[in-house]
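S.K.: Got a structure here, written out as structure tokens. Questions coming.
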Amino acid sequence: MIIEDQDLGKITVRRNSSTAQIKFSLSTKGNINMSVPRYLPGFYLQRLIRNSKPELIRMKSKYTPQNRLTAAEVKAADKKARQLLPIRLDSLAKQYGYKYNKVRLSHATTRWGSYSSRGTVSLNVGLIRLPDELIDYVLIHELVHSKHMNHSAAFWQEVASHVPDYKNKRKQIAKYRPLA
Ligand SMILES: [Zn+2]
């Protein structure tokens with residue numbers, strides 16, 4: 001059931017027979033979800049929303065694109081990333097002739113990936129949610145750091161030899177954020 005509220009917008013109400021509690025939460029798009037007991041009368045629902053309005057407005061205002069994922073979604077991304085990213089990295093390293101020591105999956109939010117002087121490739125788990133071509137761009141970028149530990153002209157030239165439209169990829173990737 002969906003309630004349209006003047007101030008709060010769309011509120012999705014889920015009736016849940018296994019609970020006696022009323023719970024508000026934010027959807028991944030920043031809308032309010034409401035979980036209520038199975039037989040809660042409609043008028044009570046309306047009154048509850050009215051009475052909780054200041055609190056709900058505050059809750060909605062806290063929404064930022066960073067918390068657009070639920071804990072379960074983050075967990076699923078984490079699992080998939082650990083399964084797939086090391087395999088893809090290994091395959092690209094072989095294809096283009098790069099070496100690294102080990103790969104580490106990270107939740108560091110400031111960058112998608114890094115390459116340490118010890119040869120450790122660190123990759124943010126949120127990569128797995130990006131389109132394949134952007135994942136490959138990040139992996140190749142980090143692999144090229146095994147030869148150039150900087151972002152010199154020579155570094156970008158080598159990146160371009162594998163990903164000719166890397167500038168476009170960099171632009172696209174700026175629309176996403178690494179996962180905490
Ligand atoms: Zn770099």
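S.K.: Over segment 1-131, what is the relative contact order in whole percent, taking alpha-carbon pairs under 8 Å and six or more residues apart?
M.R.: Details: 159 pairs, mean separation 21.4, N = 131.
Reported as a whole number, the value is 16 percent.
S.K.: If you only keep lysine pairs separated by 8 or more in sequence, or across chains, how many in segment 33-112 come under 30 Å at the Cα atoms?
M.R.: 17
S.K.: May I have the pair-distance distribution P(r) for segment 2-63, computed from all Cα-Cα distances with 10 Å bins from 0 and rounded to whole percent?
M.R.: 22, 58, 19, 0
S.K.: Follow-up question, since we're still on this one. Return, for the Cα atoms of segment 1-128, the radius of gyration and Dmax in Å, separated by a comma.
M.R.: 21.7, 67
S.K.: Right, next: Based on the Cα atoms of segment 87-180, what semi-axes does the equivalent ellipsoid have, where each is the square root of 5 times one gyration tensor eigenvalue, given in whole Å with the largest first? Present the calculation step by step, with values, prior to reporting the outcome.
M.R.: Values: eigenvalues 65, 53, 31 Å².
Semi-axes from the Cα gyration tensor: 18, 16, 12 Å.
We did not get these values from a lab; they are worked out from the coordinates using the rules stated. Small disclaimer: the values here were computed from a predicted structure and weren't measured.
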